[in-house]
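The values are calculated or read from the model by the stated rules, or taken from the named source; none is laboratory data. Keep in mind that what you see is a predicted model, and the values were worked out from it rather than measured. Here the Cβ positions follow ideal geometry from the backbone for every residue, glycine too, while neighbour counts run over all protein chains shown.
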Amino acid sequence: MFYTTLVSTDDLAYHLDDPHWVVVDCRFALTDPEGGRSAYGKGHIPGAHYAHLDDDLAGPTGPDTGRHPLPDVETLALKLCRWGVGVNKQVVVYDDSFGSMAVRLWWLLRWLGHPGVALLDGGYPKWLRERRPISQETPVPICKDACARLPEPSLYVTVDQVMAAMRSGDKLILDARPERRFSGEYEPLDPVAGHVPGAVNWNFEENLDIDGTYSPPEALRENYQALLKGRAPSDVIHMCGSGVTACHNILAMEIAGLSGSRLYVGSWSEWVTDPSRPIALGE
């Protein structure tokens, strides 16, 4: 049986030497793109490979894309193979920012049809607090059994589908950005501030307990059912600034047993590339 949502630090520590487990460090900061790689070099969970958000987990940007488009399938599959992600491998992803970056790889692996992927609950900070082992050694790239690479298009929506949902009002568009960015009061990353009209703000940090781990499934389920207001989980479209932290809310819904929601990969950074698309300000 695979872990498919979360894995605890205890469980990962027990499996550190298990050849069927693959660990990937996804530390990254939007304001310091090389900071995560540098931190990895100074210390990481033993055996962990490093995945860079811009270089490994996203494709090239263009004038009509968001900041983190989907990567090329074959290119990503080759990188996964080098990290040892095979068909029967349990993958554990982590970062140092409450899972907000590592969830991108969690979602990408599910998109490619690899079920055995889970986020380290509490991430690297919890691992350090518990005085667990760290290493500065970089694992040797290996490539034996490539992971499944049959992308599942039903897991995401296009900008046209978001536009249709906005006009019809029959979907719940959840925006995972902080409230100040959603309202348009503050926008440090994208050229235009605001949000998609009709979208609802649900900052991904609402999914967390006080210790930085995910809230219990029953608490998450209560929160999301209140947001759904009777809608099916499949009627939820998740977005954020560039399709990364939105995956945190998708994972939260999976933990809550509310499967089937979808990601708007381009998110706000793609939406604002066309000035004809409407923009809302305020709550």
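Residue-wise test of (1) closer than 18 Å to GLY241 by Cβ; (2) out of contact with any helix residue (DSSP H, G or I) (no Cβ under 9 Å at 6 or more places or on another chain); (3) crowded, with 23+ Cβ neighbours inside 10 Å.
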{"position": "PRO46", "(1), (2), (3)": "no, yes, no"}
{"position": "HIS52", "(1), (2), (3)": "yes, no, no"}
{"position": "ASP56", "(1), (2), (3)": "no, no, no"}
{"position": "GLY59", "(1), (2), (3)": "yes, no, no"}
{"position": "PRO63", "(1), (2), (3)": "yes, yes, no"}
{"position": "LEU78", "(1), (2), (3)": "no, yes, no"}
{"position": "MET101", "(1), (2), (3)": "yes, no, yes"}
{"position": "TRP107", "(1), (2), (3)": "yes, no, yes"}
{"position": "ARG110", "(1), (2), (3)": "no, no, no"}
Q: Please work out if LEU220 is within 13 Å of LEU174 (Cα to Cα) and not assigned by TED's automatic domain parsing to the domain that holds PHE98.
A: no
**Q.** Filter result (more than 23 Å from TYR156 (Cβ to Cβ) and assigned to a loop (DSSP other than H, G, I, E, B)) within region 71-86
**A.** GLY84, GLY86
Q) Could you count how many residues in region 87-121 are at pLDDT 95 or above, farther than 30 Å from ASP274 by Cβ and either in contact with a Leu (Cβ under 7 Å, 6 or more places away or on another chain) or aromatic (Phe, Trp, Tyr) (or both)? A) 12
Q | Exclusive hit being in contact with a Lys or Arg (Cβ under 6 Å, 6 or more places away or on another chain), at pLDDT below 95 and not acidic (Asp, Glu), set CYS143, CYS147 | A | CYS143
Q: Go through region 1-26 residue by residue and tally those that are β-branched (Val, Ile, Thr), under 18 Å from SER97 (Cβ atoms) and part of a strand (DSSP E or B).
A: 3
**Q.** Output for region 266-283, where each listed residue is within 14 Å of HIS238 (Cα to Cα) and either surrounded by fewer than 16 Cβ atoms within 10 Å (Cβ to Cβ) or free of Cβ contacts under 8 Å to residues at least 24 places away in the same chain (or both)
**A.** none
Q. Across region 34-56, what is the total count of residues that are under 21 Å from GLN136 (Cβ atoms) and part of a loop (DSSP other than H, G, I, E, B)?
A. 10
Q: Filter region 181-202 down to residues that are over 12 Å from ALA280 (Cα atoms), out of contact with any Ser or Thr (no Cβ under 9 Å at 6 or more places or on another chain) and surrounded by 14 or more Cβ atoms within 10 Å (Cβ to Cβ), then give me how many there are.
A: 2
Q | Tally, over region 92-133, of residues that are among the basic types (Lys, Arg), under 18 Å from TRP21 (Cα atoms) and in a loop (DSSP other than H, G, I, E, B) | A | 1
Q. For GLY84, which of the numbered conditions (1) on the phi > 0 side of the Ramachandran plot; (2) crowded, with 24+ Cβ neighbours inside 10 Å; (3) at pLDDT 95 or above fails to hold?
A. (3)
Q) Being buried (at least 23 other Cβ atoms within 10 Å of the Cβ), charged (D, E, K, R) and in a helix (DSSP H, G or I), is that true of even one residue in region 211-225? A) no
